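The values are calculated or read from the model by the stated rules, or taken from the named source; none is laboratory data. This structure is a prediction, so every number in the text was calculated from the model and none was measured. Neighbour counts run over all protein chains shown; Cβ positions are idealised from the backbone, glycine included. SASA here: full protein model, heavy atoms, side chains in, ligands and nucleic acids out. Shrake-Rupley method; radii C 1.70, N 1.55, O 1.52, S 1.80 Å.
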Amino acid sequence: MPLELIQDLSRAWLAEQSKADHVLLLLLATTIISYNLWSRLFSKPPDIPLEFWYHVPQATGALTVSREKKAEARNIAHVFKERNLDIVILWGTQSGRAQLLARRLAKDLRDTFALRALAADLNDFDPARLSDLAPTQPVGFVLSTYGDGDPSDNTNALWTFLHAAAAQKDKDEYEKKKNGDSAAAEEVPDLSSLRYVLFGLGNSNYRLYNRVGTTVDSLLQRLGAVRFGPAGTGDDAGGETENDFVSWRREVQGALQMELGLTVQEPRYRPAFEVQHDASVASEGVYLGEPNASLLNCGGTRRRIADAKVPTAMPVTSARRLWETEGRLCLHMELDLGTDRFVKYKTGDHLAIWPSNPDHEVRRLLAAAGLLGRAHVPMFITPAGGDGDCEIPVPSPTTPDALFRYYLEITGRVSLETASALADFAPSPAALAGLKSVVADPDTFRTVVSAARLTLADLLEEVGRDDPWDTLPVSFLLERMGPMRPRYYSISSSAAVHPRTVSITAVADKPPITWEGAPTRGCYGLATGYLSALERAVTGAAAPDGAPEDGPSYALDGPRGLLSGGNLLASVRESPFKLPTKSTAPIIMVGAGTGVAPFRAFVQERVRRREVGQEVGRTLLFMGFRNEGVDFIYKEDWEAWRRTLGAEVFGYWTAFSREPGREKEYVQDLVRTHAEEVMRLLEETGCRFYICGSAGMARDVVCALGRMRAEVTGKSEEEAMEWVKRLRKFKTLLEDVWG
Ligand SMILES: Cc1cc2nc3c(=O)[nH]c(=O)nc-3n(C[C@H](O)[C@H](O)[C@H](O)COP(=O)(O)O)c2cc1C
């Protein structure tokens, strides 16, 4: 509309208005301006969403690192050349096992063939430069699958690169087919000079078993790379990862021998690390259990605060037992996040907890390895030889006591390979004979050692009897035992309601006690054992001198008193398990046992939204427990929240699988009983379906969903499962599961 016409029209309109109209208009304008001014200056800021302020600045993995590192150092071909390497083994791990296996493979190749082999973090290299490698520069990939068939954090960059490159190749081929070979296309990464082998770690209880290993393998080949050996898989379901790895490695050795024309060296143990004890070193610089330099000698306050992943000392502000039976107990713990602005969480995140090893296991390993006399003598750990794996898995200098207590996973089951390798260090013919009798036959080993959950200390004691294994090198222990890794717990509090406090919910198995208050064999549930000891200390429930039923004791004060007064080392890990942004969106939650923990946080948050006047959408919760009178947790919370939200908004149902005199019922049965409403809600925009608990339970619930869809639509179960896949893809279906 031309400007003059608008001016004419408004002039005509104004001319027709009375004085009273003008006054009214003026009043209206003044009211609007005053209202705006008032709300800006005097109103309270909105109570929700607080998540915005409490967003955790998580390290973003490869991207963050890549910006900091020089391009050359991130070019794998350059590193090969610069360090004169023969092979690089790259590990992609979430909880440390792939890293350990990659290091073992590199060490084995050094020992067997005198190869210059390096084990390295995938994140240290730019995946786009894999194409720079020559066929004489082979690479090994050792990759675990996490979450719901997802890559570990440090595999993300490779994962994204391979998917993008393969999609580009598909597009390129399509264009060429359509428009002829001359069709202009972007350059597709060419990996045809890459020679590789691959081992995937997974657990067949999960729906997407070893998805990362299989996917990376096929994408590499799609881009022209050549696998010169078998693609191995290690299945954690039956605890067979170690054995699977050893068989795969044997085949890889054969393939490498062919590929590179190698000769086998005389077999003898070559330590990967040099360890020197030095009593004269100033104690302030010695790591006594501090996880990193930022916490060394700092009295609990870390110096470098810019990384939310760095663990910090968090006080346990309250702890209680939600239930207790003869063999197990369930803990609810609350921790104060303190004042460090980088330590924050969002509803649905995880808390990573760094446990320590129990006193008796530390003592027994020190004694069995002949290190009791030097338990507190500082030692320097450096890489042995120039061409090896230079990364030291623990801080140095440290002490044997700190090494076994804080830095290494010493309570895991000993593997056949590690047990066999001990033969070189047997302190006596009797010990050697004892060792040989258990390692000679894999079946005997499985029953005598694996099924009995023997730790390394158990085995050394068992076969060495009274002889300490004092020729056992500390390097051997560093190579064989993984670095201590945190255990993750779903946070059971809402960040909007408790921004500076997190709560966790954990079930601990009570270890079987048979002598002197110490478990006979191994340690069941390292972190949960540690948390129960902490709970006893915080609540004052500990019996003097640790009565047998109290379980193992721990150095709860931490190194140099870092954790005294009931603190533990923890950090927040971001999780994609999040509530929809709109509080009106319906949500369906399915959880079993402690799997209901994040749902406690979700419902708590929705109640808060209601309390501040927001509308809350339909909220359904299906929970599974064993026994109503025993392990049904947070019953009072659910009841109170249903009263606040109203049954028309919040509905919850329970299934019990071990209720005497009642038929077993599981969460998937509950979901099926409510099929009509569940299916209807899933059609609504923004609806989310959450599952939290064991992988087996999650699989059963997903199958139930597929069947329900097939029944509603009359289509086949395969088609229904495609629909489930789409739910996952579009983040309508979210899972937080464990093996
Ligand atoms: C929370 C969680 C999720 C997992 N998800 C899968 C999965 O989707 N598929 C699979 O095959 N294995 C899965 N696993 C099993 C791991 O791959 C297996 O435990 C592996 O040994 C871990 O290796 P890492 O320590 O190197 O990360 C999962 C394990 C955990 C604890």
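Per residue, the average separation of C-alpha pairs within less than 8 Å and at least 6 apart gives the chain a relative contact order of 13 percent. On the range 74-260, 46 percent of the accessible area sits on carbon and sulfur atoms, based on a 1.4 Å probe. Per-peptide packing, taken as the mean over residues of other Cβ atoms within 10 Å, places 716-724, 369-377 in the sequence 369-377, 716-724 from highest down. Taking the helices alone, the chain has a mean residue ellipticity at 222 nm of -11000 deg cm²/dmol, built from -39,500 (n - 2.57) per DSSP H run of at least 4 residues and averaged over all its residues. Sequence-distant contacts, meaning Cα pairs under 8 Å at least 6 residues apart, place the relative contact order of the range 587-738 at 25 percent. If amide hydrogens are placed 1.01 Å from N in the peptide plane, which non-local residues have theirs closer than 5 Å to the one on residue 654? Hits under the 5 Å cutoff: 623.
Entry comment: accessible area of the chain is 46 Å² per residue, from protein heavy atoms only and a probe of 1.4 Å. Using Cβ point charges alone (K and R +1, D and E -1), the dipole size of the chain about the Cα centre works out to roughly 1200 debye.
The value obtained for the range 601-717, namely the Cα convex hull volume divided by the number of residues, is 121 Å³ per residue.
Near residue 401: Cβ cut-off under 11 Å, other residues only, Lys/Arg at +1 and Asp/Glu at -1. The net charge is +2. May I ask which of 70/169; 582/731; 578/731 have a Cα-Cα span longer than 18 Å here? Going by Cα-Cα distance, 70/169 fall outside the 18 Å limit. In summary, the aspartates and glutamates within cross-link reach of residue 309, defined as a Cα separation below 16 angstrom excluding same-chain residues under 8 places away, comprise 153, 290, 340, 349, 574.
Put simply, the C-alpha atoms of the range 574-646 give a gyration tensor, and the ellipsoid matching it has half-axes of 22, 15, 10 Å, longest first. For the chain, the extents of the C-alpha atoms along the principal axes are 113, 79, 61 Å, listed from largest to smallest. The relative contact order of the range 363-427, computed from alpha carbon pairs under 8 Å that lie at least 6 residues apart in sequence, is 29 percent. When peptides 586-594, 612-620 are sorted by average Cβ neighbour count within 10 Å, with the highest value leading, the order is 586-594, 612-620.
Counting Cα-Cα pairs of the range 366-497 in 10 Å increments starting at 0 gives whole-percent bin shares of 11, 37, 31, 14, 5, 2, 0.
Charged neighbours of residue 218, selected by a Cβ distance under 15 Å, balance to +2 (K, R count +1; D, E count -1). Of the residues 143, 131, 204, the one whose Cα sits farthest towards the positive end of the charge dipole of the range 74-260 is 131 (charges of +1 on Lys and Arg Cβ, -1 on Asp and Glu Cβ, taken about the Cα centre). Taken over the C-alpha atoms, the range 120-231 has Rg and Dmax values of 15.0, 48 angstrom. In order along the range 369-385, the Karplus-derived 3J(HN,Hα) couplings, from 6.51 cos²θ - 1.76 cosθ + 1.60 at θ = phi - 60°, round to 8, x, 10, 4, x, 10, 3, 10, 7, x, 9, 9, 10, 10, x, 8, x Hz, and Gly and Pro are given as x.
Measuring nothing but protein heavy atoms, the accessible surface of the range 587-738 at 1.4 Å probe radius is 45 percent carbon and sulfur. Taking all protein chains together and rolling a 1.4 Å probe, residue 216 ends up with roughly 0 Å² accessible.
On a C-alpha basis, how far is the centre of the range 184-258 from the centre of the range 332-362 in Å? Whole number, if you could? Using only Cα atoms, the two centres lie 35 Å from each other.
For the range 412-421, putting each phi into the Karplus relation 6.51 cos²θ - 1.76 cosθ + 1.60 with θ = phi - 60° gives couplings of x, 5, 7, 8, 4, 5, 5, 4, 5, 5 Hz, in residue order, rounded to whole numbers and with x for Gly and Pro.
Taking the alpha carbon gyration tensor of the range 74-260, multiplying each eigenvalue by 5 and rooting it gives semi-axes of 28, 21, 14 Å, largest first. Toward the positive end of the charge dipole of the range 374-511, with +1 on the Cβ of Lys and Arg and -1 on the Cβ of Asp and Glu, the farthest Cα among 395, 459, 508 is that of 508. Considering only 624, 475, 77, and ranking their Cα positions along the charge dipole of the chain that arises from unit charges at the beta-carbon of Lys, Arg, Asp and Glu, the one farthest toward the positive end is 624.
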